[in-house]
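Would you mind keeping the following structure in view while I ask a few things?
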Amino acid sequence: MATKVYKEKRQKIFKATLKLASSHEWGALRLDQIARQAKVSVSEITYQYKTPFDILPEIIEDFSHSVAKVAGKSTENTSPRDRLFEILMARFDLLQQNRQAILNILTYIKKNPSLVPKLLCAQHQAMKYMLEIAHIKSKSFQPLITAGLLATYAMALKTWQHDSTHDMSKTMVVLDRSLRYSSKVAEIILRSK
């Protein structure tokens, strides 16, 4: 029961953070504002987080779990590249649902590059999880494959930020092209084992 309550409170905090981030400058956002929006006590939120930025890695992780629920089973009978495409597009669907919040956060991070390493670590873990969902495993080359997927995702994310199409078609084109290139590189690497 305690675990369920904790999960529910975390979800409230994540939703409140993204809602406020969509209408506020990220750098001006405070934990007490998030606590009020989430309807949790300030002491509860400050016990878990020192700053609003500390919530972001957990939101990234939560997105990964949401992607697993949506895309995990529907991609079982497709090629590895197609599986990754569907899985990453499911991730972009989540970003799209919180578009203004994500754009505001990314704008702030661009101005404060010292924050990048912490988020990069969370994104790296997310890409490892995306590979697991896609059933892509290679113990010898897993770090290299994960790094490649992270670079692919970063390229697509850059396009997504400027993609005004309703169906994210520009993002899909860049993601598809990048995955095709990456899969060819991966085939060469795996053949050389």
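Please treat every number below as a calculation from the coordinates, not as lab data. It should be emphasised that the depicted structure is a prediction, and the values quoted were computed from it without experimental measurement. Reconstructed Cβ throughout: ideal geometry from the backbone, glycine too, with neighbour counts over all protein chains shown.
Identify which of 48, 161, 100 has the largest mean-square fluctuation in a Gaussian network model of the chain, with springs joining Cα atoms closer than 10 Å.
48
Give the order of 159, 107 when sorted by the count of other beta carbons within 10 angstrom, beginning with the fewest. Working shown, then result.
On the way: 159 17, 107 14.
Going from least to most buried by this count: 107, 159.
Here's another thing I want to ask about it. Do any trypsin sites (Lys or Arg not before Pro) in segment 1-100 lie in a DSSP loop with no more than 10 other beta carbon atoms within 10 Å, and if so, which?
Qualifying residues, ordered by number: 39, 50, 73.
If we count GluC sites (Glu not before Pro) as exposed when they sit in a DSSP loop and have at most 11 other beta carbons within 10 Å, what is the longest stretch of the chain that avoids them all?
77-193
Just 113, 143, 57 to compare: in a GNM of the chain, with alpha carbon springs under 10 Å, which one fluctuates most?
Most flexible of the set in this elastic network: 113.
So for the pair residue 144, residue 79, with labels modelled 7 Å out along Cα→Cβ, what separation do we get in nm?
For residue 144 paired with residue 79, the spin-label model returns 2.1 nm.
Given the rule -39500 (n - 2.57) for each run of at least 4 DSSP H residues, summed and divided by the residues of the chain, what is its mean residue ellipticity at 222 nm, to the nearest 500 deg cm²/dmol?
-25000 deg cm²/dmol
Report D for segment 1-102 in µm² per second (integer): Stokes-Einstein, Kirkwood Rh on Cα pairs, 25 °C, 0.890 mPa s.
D, rounded to a whole number, is 165 µm²/s.
At 20 Å minimum axial length over the Cα atoms and a Kyte-Doolittle cut of -1.0, report the qualifying DSSP H helices in the chain, or say none.
2-23, 56-71, 80-97, 116-133, 142-161, 169-191
Identify which of 152, 51, 165 has the largest mean-square fluctuation in a Gaussian network model of the chain, with springs joining Cα atoms closer than 10 Å.
Most flexible of the set in this elastic network: 165.
Semi-axes of the equivalent ellipsoid for the chain, please: Cα gyration tensor eigenvalues, times 5, square-rooted, ordered largest first, whole Å. Walk me through the intermediate numbers first.
Details: eigenvalues 197, 68, 49 Å².
Over the Cα atoms of the chain, the ellipsoid semi-axes are 31, 18, 16 Å.
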